[in-house]
Amino acid sequence: MKNLKMPKADGRKIAGSISYFTHGHFLTSGLFKRYFFAVLLAVALIMMSISVRFDCVTGMESISALRTRLEVVRTELQRERSAYMSTTRESTMQHRVDSLGLGLGIQQHPPFKLPPENGHE
(Lines give C-alpha, C1' and ligand atoms only; values in the text may rest on other atoms or scores of the structure.)
Protein backbone atom coordinates (compact mmCIF):
# COMPACT_ATOMS: atom_id res chain seq x y z
CA MET A 1 0.00 0.00 0.00
CA LYS A 2 1.38 3.29 -1.03
CA ASN A 3 1.27 6.30 1.15
CA LEU A 4 -0.76 8.86 -0.66
CA LYS A 5 0.20 12.35 0.15
CA MET A 6 -2.58 14.84 0.27
CA PRO A 7 -1.72 18.26 -0.99
CA LYS A 8 -1.49 20.76 1.82
CA ALA A 9 -3.74 23.75 1.71
CA ASP A 10 -1.96 26.86 0.75
CA GLY A 11 -2.46 29.77 3.17
CA ARG A 12 -2.99 32.20 0.31
CA LYS A 13 -5.64 29.99 -1.24
CA ILE A 14 -7.66 29.82 2.02
CA ALA A 15 -7.34 33.58 2.55
CA GLY A 16 -8.46 34.12 -1.03
CA SER A 17 -11.57 31.98 -0.61
CA ILE A 18 -12.43 33.71 2.68
CA SER A 19 -12.13 37.14 1.10
CA TYR A 20 -14.19 35.84 -1.85
CA PHE A 21 -17.14 35.24 0.51
CA THR A 22 -16.60 38.17 2.85
CA HIS A 23 -16.44 40.72 0.06
CA GLY A 24 -19.53 39.29 -1.61
CA HIS A 25 -18.00 38.17 -4.88
CA PHE A 26 -20.21 35.08 -4.91
CA LEU A 27 -23.31 37.31 -5.32
CA THR A 28 -23.14 38.08 -8.99
CA SER A 29 -25.79 39.45 -11.30
CA GLY A 30 -25.85 36.07 -13.05
CA LEU A 31 -26.92 34.45 -9.78
CA PHE A 32 -29.85 36.85 -9.49
CA LYS A 33 -30.81 36.35 -13.14
CA ARG A 34 -30.71 32.58 -12.79
CA TYR A 35 -32.74 32.49 -9.56
CA PHE A 36 -34.88 35.58 -10.17
CA PHE A 37 -38.22 34.11 -9.03
CA ALA A 38 -36.69 32.41 -5.98
CA VAL A 39 -34.99 35.65 -4.92
CA LEU A 40 -38.20 37.60 -5.55
CA LEU A 41 -40.19 35.08 -3.49
CA ALA A 42 -37.64 35.20 -0.64
CA VAL A 43 -37.71 39.02 -0.56
CA ALA A 44 -41.54 39.03 -0.63
CA LEU A 45 -41.71 36.51 2.24
CA ILE A 46 -39.24 38.52 4.31
CA MET A 47 -41.23 41.73 3.70
CA MET A 48 -44.50 40.00 4.63
CA SER A 49 -42.89 38.63 7.80
CA ILE A 50 -41.73 42.12 8.78
CA SER A 51 -45.20 43.52 8.06
CA VAL A 52 -46.97 40.87 10.14
CA ARG A 53 -44.56 41.38 13.03
CA PHE A 54 -45.11 45.15 12.92
CA ASP A 55 -48.89 44.69 12.93
CA CYS A 56 -48.62 42.28 15.85
CA VAL A 57 -46.42 44.59 17.92
CA THR A 58 -48.61 47.64 17.30
CA GLY A 59 -51.70 45.59 18.15
CA MET A 60 -50.14 44.41 21.41
CA GLU A 61 -49.22 48.00 22.31
CA SER A 62 -52.79 49.17 21.69
CA ILE A 63 -54.14 46.27 23.79
CA SER A 64 -51.80 47.25 26.63
CA ALA A 65 -52.91 50.89 26.42
CA LEU A 66 -56.58 49.85 26.40
CA ARG A 67 -56.07 47.61 29.45
CA THR A 68 -54.50 50.51 31.34
CA ARG A 69 -57.37 52.76 30.33
CA LEU A 70 -59.89 50.10 31.41
CA GLU A 71 -58.30 49.94 34.87
CA VAL A 72 -58.54 53.73 35.18
CA VAL A 73 -62.20 53.69 34.10
CA ARG A 74 -63.04 50.88 36.54
CA THR A 75 -61.41 52.80 39.38
CA GLU A 76 -63.33 55.93 38.41
CA LEU A 77 -66.56 53.94 38.24
CA GLN A 78 -65.99 52.57 41.74
CA ARG A 79 -65.29 56.05 43.10
CA GLU A 80 -68.41 57.49 41.47
CA ARG A 81 -70.52 54.57 42.69
CA SER A 82 -69.24 55.10 46.23
CA ALA A 83 -69.99 58.85 46.09
CA TYR A 84 -73.49 58.18 44.73
CA MET A 85 -74.27 55.59 47.40
CA SER A 86 -73.01 57.95 50.11
CA THR A 87 -75.21 60.76 48.79
CA THR A 88 -78.20 58.43 48.52
CA ARG A 89 -77.76 57.27 52.13
CA GLU A 90 -77.44 60.87 53.37
CA SER A 91 -80.54 62.03 51.50
CA THR A 92 -82.54 59.02 52.70
CA MET A 93 -81.55 59.63 56.29
CA GLN A 94 -82.33 63.35 55.97
CA HIS A 95 -85.75 62.50 54.51
CA ARG A 96 -86.49 60.19 57.46
CA VAL A 97 -85.36 62.77 60.02
CA ASP A 98 -87.51 65.42 58.32
CA SER A 99 -90.53 63.10 58.22
CA LEU A 100 -90.20 62.39 61.97
CA GLY A 101 -89.93 66.12 62.73
CA LEU A 102 -86.80 65.80 64.88
CA GLY A 103 -85.26 69.05 63.63
CA LEU A 104 -81.85 67.49 62.97
CA GLY A 105 -79.64 68.29 59.98
CA ILE A 106 -76.41 67.25 58.33
CA GLN A 107 -73.43 68.92 59.92
CA GLN A 108 -71.52 71.13 57.47
CA HIS A 109 -68.22 71.07 59.38
CA PRO A 110 -66.45 68.14 61.02
CA PRO A 111 -66.55 67.98 64.83
CA PHE A 112 -63.78 69.73 66.71
CA LYS A 113 -62.05 68.92 69.97
CA LEU A 114 -62.45 71.14 73.00
CA PRO A 115 -59.24 72.13 74.73
CA PRO A 116 -58.72 70.37 78.04
CA GLU A 117 -59.66 72.33 81.14
CA ASN A 118 -57.12 72.97 83.90
CA GLY A 119 -55.61 69.54 84.41
CA HIS A 120 -58.75 67.61 83.40
CA GLU A 121 -58.92 65.66 80.22
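Assorted remarks:
- Area of His95 that stays accessible when all protein chains are in place (1.4 Å probe, Å², to 10): 130 Å²
- Helical content of the chain, expressed as a calculated mean residue ellipticity at 222 nm, amounts to -24500 deg cm²/dmol (DSSP H runs of 4 or more residues, -39,500 (n - 2.57) each, divided by residue number, nearest 500).
- Accessible area of the chain belonging to carbon and sulfur atoms, whole % at 1.4 Å probe: 65 percent
- Against the empirical 2.2 N^0.38 Å (N residues), the chain has a Cα radius of gyration ratio of 3.09.
- Principal-axis tilt of helix 11-22 within the chain, Cα atoms, nearest 10 degrees: 40 degrees
- Of the residues Phe54, His95, His109, the one whose Cα sits farthest towards the positive end of the charge dipole of the chain is Phe54 (charges of +1 on Lys and Arg Cβ, -1 on Asp and Glu Cβ, taken about the Cα centre).
- The chain: angle of helix 36-100 to the longest principal axis, Cα-based, in degrees nearest 10: 10 degrees
- Residue among Thr22, Thr88, Thr58 with the largest mean-square fluctuation in a Gaussian network model of the chain, springs linking Cα atoms under 10 Å: Thr22
The values are calculated or read from the model by the stated rules, or taken from the named source; none is laboratory data. Because the structure is predicted, anything quoted here is derived from the model rather than measured. Here Cβ is always computed from backbone atoms with ideal geometry, including for glycine, and neighbour counts include all displayed protein chains. Keep in mind that these areas ignore ligands, DNA and RNA; they rest on the heavy atoms of the full protein, side chains included. Shrake-Rupley method; radii C 1.70, N 1.55, O 1.52, S 1.80 Å.
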